[in-house]
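Enquirer: First the structure, which I've put down as structure tokens, then a few questions once you've had a look.
Coordinate-derived values only; no laboratory data. For clarity, every value in this text was computed on a predicted model and none was experimentally measured. A quick note on method: Cβ atoms are made from the backbone with ideal geometry, for glycine too, and the neighbour counts reach across all protein chains shown.
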Amino acid sequence: MRNIVIACGGTGGHLTPGIALAQNLEERGYPSWLFISQKAVDTRLSRKYPKLSFEAMPGAPLIKSPLGMARFGHGFLFSFLRSYRFYGKIGADAMVGFGGFSSFGPAMAARARGIPVFIHEANRAVGKAVRFLAKRSTRLYLPEGMHLEGISPDVIRNVGYPLRKEFRRIPKERARKQLGISLSDRLLVVLGGSQGAASLNRWVKDQLEPLAAEGISTYCLTGMNKESSGVVQLEGMGGQTVTNRFVSFTDEMNAVLSAADLVISRAGAGAIAEIIRCRIPSILIPYPFAADNHQFLNAEFLERKGATIVCPEENMAENLLNEVREVMFNEEFRTTIRRNLFALDNGDVANRISDDISQCLKKQALHDPVQGGILRMIG
């Protein structure tokens, strides 16, 4: 019996691939536990999966200030101690970390226990924490074509981003019926990620009238605790009613994306993976203050593949509305983007990671049947 702990909290982009992996492992009969943060976004999403086991762990991101360093140190210490005890309690066989501050303490506790550590980096820039953990890991999972200096190629696997089992592209007609959106609308979806994006929310509000004049309705995911939800209706071309929806959070992201004609989004790895799966043309606005500029690198890679348009945030006011018009009314261009997105779909990434973890544990059992004084039979 393989008992696997998955540390994946902090943001939706870290939590959802952990859930995807846990779903696959549980289907194989491998008990899994997910370590999440104490943030509201983690609590809300975890409630959707009552059959999975979640453990809220202390922790705080590393912020370079005296207070930020103190909070990080405090969170690391307590997450390390709680993880260490938890591994002993369940007899953990492996720990999988999906990056972020919530992975650091559990990964170091696993190392202290002699438990194999598997690290997944979703972005096209590897942060300091992942670099540190990678040198102490059994396996490092990276995006397509990426390597890491100082890490043996034998340790690295290029796999992509795991998506939850239920996250599937659905027909536009069914998606719009599910959301209560007219099939005749030209729909622009605007996403700021699980935390929302104030600049994208503000841009949508500023452009409601010119968008309505073009017959373009909007669905804006504002982010939890950012702004209130609501509906704004305006008169569009020919006197038609154009409906604009502002929603703080949704559990139906595959329906929202499948309903869209065009998406404006931040360039987190999770958002890009979902856009690829749903084959939706997009304009990506990388968050300019993302660690190691990873969102720009994510977006640039997709643009080089002919699968998106990148608009830097500083150019939004001047260029974004024209970009929306050009893409929204150019069906041939959108068809080309959808075809390129199809070629980029990595398929069932969670299944490939599960296979790899299982094989690694079997090899370890053959070479080192006694670990930490506990006999582990893995077959």
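Enquirer: Enumerate the aspartates and glutamates that Lys64 could reach by cross-link, defined here as Cα to Cα under 16 Å, with residues fewer than 8 away along the same chain left out.
Expert: Once the sequence-local aspartates and glutamates are set aside, what remains near Lys64 is Asp292.
Enquirer: Also, I was wondering about something else. Along the Cα-to-C-beta direction of Glu144, a point sits 7 Å from the Cα; which residues of the range 267-299 have their amide N less than 18 Å from that point?
Expert: Of the residues in the range 267-299, 267-284, 295-299 have backbone N under 18 Å from the label point off Glu144.
Enquirer: Rounded, prolate or oblate: which one fits the range 42-142, using the alpha carbon gyration tensor with axes a ≥ b ≥ c (rounded when a/c is under 1.5, else prolate when a/b beats b/c, else oblate)?
Expert: Verdict is rounded for the range 42-142.
Enquirer: Still on this model: Quickly work out the Asn315-to-Arg28 label distance, labels modelled 7 Å from Cα along the C-beta direction, and quote it in nm with one decimal.
Expert: 4.3 nm
Enquirer: Which pairs, out of Lys39/Lys128; Lys48/Lys172; Lys165/Lys205, put more than 32 Å between their alpha-carbon atoms?
Expert: Pairs exceeding 32 Å: Lys165/Lys205.
Enquirer: Another one. Subtract the Cα-Cα distance of Ala40 and Lys305 from 0.36 nm times their separation in residues, and report this length gain in nm to one decimal.
Expert: Extra length available between Ala40 and Lys305 comes to 91.9 nm.
Enquirer: Only sites in a loop by DSSP and with at most 13 other Cβ atoms within 10 Å count here; which trypsin sites (Lys or Arg not before Pro) in the range 36-86 make the cut?
Expert: Arg47, Lys48, Lys51, Lys64
Enquirer: If you take every residue apart from Arg71 with its C-beta less than 14 Å away from the C-beta of Arg71, what net charge results, scoring Lys and Arg +1 and Asp and Glu -1?
Expert: +2
Enquirer: Can you give me the three principal axis dimensions of the range 172-344 from its C-alpha atoms, in Å, biggest first?
Expert: Rounded to whole Å, the extents work out to 45, 36, 33 Å.
Enquirer: How much length is gained if the chain between Glu55 and Leu81 is pulled fully straight, taking 0.36 nm per residue apart and subtracting their Cα-Cα distance, in nm to one decimal?
Expert: Using 0.36 nm per residue and subtracting the Cα-Cα distance, I get 8.0 nm.
Enquirer: Another question about this same structure. May I ask what percent, to the nearest 5, of DSSP beta bridges between residues of the chain are antiparallel?
Expert: Given both bridge residues lie in the chain, the antiparallel proportion sits at roughly 15 percent.
Enquirer: Another question, then. Which length gain, in nm to one decimal place, applies between Gln359 and Arg136 when the Cα-Cα distance is subtracted from 0.36 nm times their residue separation?
Expert: 78.4 nm
Enquirer: Considering only DSSP beta bridges with both partners in the range 204-304, what is the antiparallel share in %, to the nearest 5?
Expert: Among the beta bridges of the range 204-304, antiparallel pairing accounts for roughly 45 percent.
Enquirer: How much of the DSSP beta bridge set in the range 172-344 is antiparallel, as a percent to the nearest 5?
Expert: Counting only bridges with both partners in the range 172-344, antiparallel ones make up about 25 percent.
Enquirer: Further question on the same structure: If you place +1 on the Cβ of every Lys and Arg and -1 on the Cβ of every Asp and Glu, how big does the dipole about the Cα centre of the range 1-113 come out, in debye to the nearest 20?
Expert: So the magnitude is around 180 debye.
Enquirer: Excluding Glu55 itself, calculate the net charge of residues whose Cβ lies under 13 Å from the Cβ of Glu55, where each Lys or Arg counts +1 and each Asp or Glu counts -1.
Expert: Local charge sum for Glu55: +2.
Enquirer: State the Cα centre-to-centre distance between the range 1-62 and the range 103-148 in whole Å.
Expert: The two parts, judged by their Cα centres, are 17 Å apart.
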